[in-house]
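Here's the structure we're looking at; comments come further down.
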Amino acid sequence: MKKKIKKRIKKITKSSLWRDLTITIIGVILGLMITNLYEKNQLKQEHKKALEQVLDEVRDNQKVLTEFYEQLHSKFEAFRILDLHMIDGIDDIDDVKVLVHKDSIDLFLKQVEPVFKSDRLESFKKDTLRVGGDFEIYVGSRILGGKLRNSVWNAFSRQPDFLSLTDFNTIADLEQIHALQMELNKQTNEWKDSLFKDLPAGQKEREKFLLDWFLLIANQNNLLAAYNIN
């Protein structure tokens with residue numbers, strides 16, 4: 001009986017049907033392996049392209065923010081010097097005087113030029129001049145009309161497959177940059193609202209305006225440092 005079973009098995013294995021079935025199974029397995037490798041390769045290519053787009057967005061934000069920071073920093077220093085020479089009126093808070101010692105007038109006018117254009121000088125007391133002119137803070141940047149962009153990173157971060165292929169440190173760095181950009185966008189909009197108002201007349205109001213301005217450029221500096229590290 002056992003001999004008959006063995007003979008039958010040998011006949012089956014020698015038959016063309018068995019060979020065809022074996023070849024088919026091997027072909028299916030190889031096909032699946034090739035398909036899997038192809039899909040993995042495609043995913044890696046898509047991930048590489050998407051990550052490059054994220055980094056392009058970061059570099060573009062860095063360029064725009066650098067230009068904006070340089071403008072704000074120079075104008076902040078000019079306004080800070082102007083504020084040191086501003087004296088509030090005693091009876092009328094709107095009667096703000098800009099008083100400068102006559103020996104320092106040339107240096108003063110040069111330092112405050114980014115935010116103050118003088119059109120008259122009047123003798124005030126002894127060696128002091130009262131400076132008249134127009135105060136203006138002009139800043140040209142697309143950030144004031146929009147924000148630092150996060151859209152590409154947002155799309156990338158919603159792709160689990162992309163995240164799984166990304167180095168952990170890279171993800172952590174990009175998340176940190178994203179959080180700093182979101183906070184800075186909010187702070188920039190708040191400062192922009194105060195910028196479009198009239199110059200604060202009172203000393204306390206000017207101090208708050210200067211403080212908000214200082215915090216804005218300080219946070220800009222922090223984000224620029226994060227860009228440079230990464």
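The values are calculated or read from the model by the stated rules, or taken from the named source; none is laboratory data. Note that this is a predicted model, so its numbers are computed, not measured. As a convention, Cβ positions derive from the backbone with ideal geometry for all residues, glycine included, and neighbour counts pool all protein chains shown.
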**OP:** Run down ALA225, ALA155 and say which single residue is hydrophobic (A, V, I, L, M, F, W, C), under 30 Å from GLN42 (Cβ atoms) and either assigned by TED's automatic domain parsing to the domain that holds SER74 or in contact with a strand residue (DSSP E or B) (Cβ under 6 Å, 6 or more places away or on another chain) (or both).
**Re:** ALA155
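Looking only at the range 68-77, decide whether some residue is more than 30 Å from ASN189 (Cβ to Cβ) and crowded, with 17+ Cβ neighbours inside 10 Å.
Scanning the range 68-77 turns up no residue that is more than 30 Å from ASN189 (Cβ to Cβ) and crowded, with 17+ Cβ neighbours inside 10 Å.
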Original post:
In the list ASN169, ASN189, ASN154, ASN219, which residue meets the criterion of being among the polar types (S, T, N, Q) and either surrounded by 15 or more Cβ atoms within 10 Å (Cβ to Cβ) or in contact with a Ser or Thr (Cβ under 8 Å, 6 or more places away or on another chain) (or both)?
Top reply: ASN219
Original post:
How many residues does the range 123-144 hold that are in contact with a Phe, Trp or Tyr (Cβ under 6 Å, 6 or more places away or on another chain), within 14 Å of GLU70 (Cα to Cα) and not β-branched (Val, Ile, Thr)?
Top reply: 1
Subject >> the range 96-124, residues that are exposed (fewer than 12 other Cβ atoms within 10 Å of the Cβ) and either more than 19 Å from ARG80 (Cα to Cα) or more than 40 Å from the chain's Cα centre (by Cα) (or both) >> reply: ASP103, ASP119, ARG120, GLU122, SER123
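Among the residues of the range 179-215, what is the count of those that are over 13 Å from LEU144 (Cα atoms) and either part of a helix (DSSP H, G or I) or of a type in the set (Ser, Thr, Tyr) (or both)? Before you say what the answer is, go through the steps one by one.
So in the range 179-215, the residues over 13 Å from LEU144 (Cα atoms) come out as 179-183, 197-215.
Now restrict to residues that are either part of a helix (DSSP H, G or I) or of a type in the set (Ser, Thr, Tyr) (or both): 179-183, 203-215.
Counting residues in the range 179-215 that are over 13 Å from LEU144 (Cα atoms) and either part of a helix (DSSP H, G or I) or of a type in the set (Ser, Thr, Tyr) (or both) gives 18.
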Subject >> Yes/no for LEU165 being touching a residue at least 40 places away in the same chain (Cβ under 8 Å), under 30 Å from LYS44 (Cβ atoms) and among the aliphatic types (A, V, I, L, M) >> reply: yes
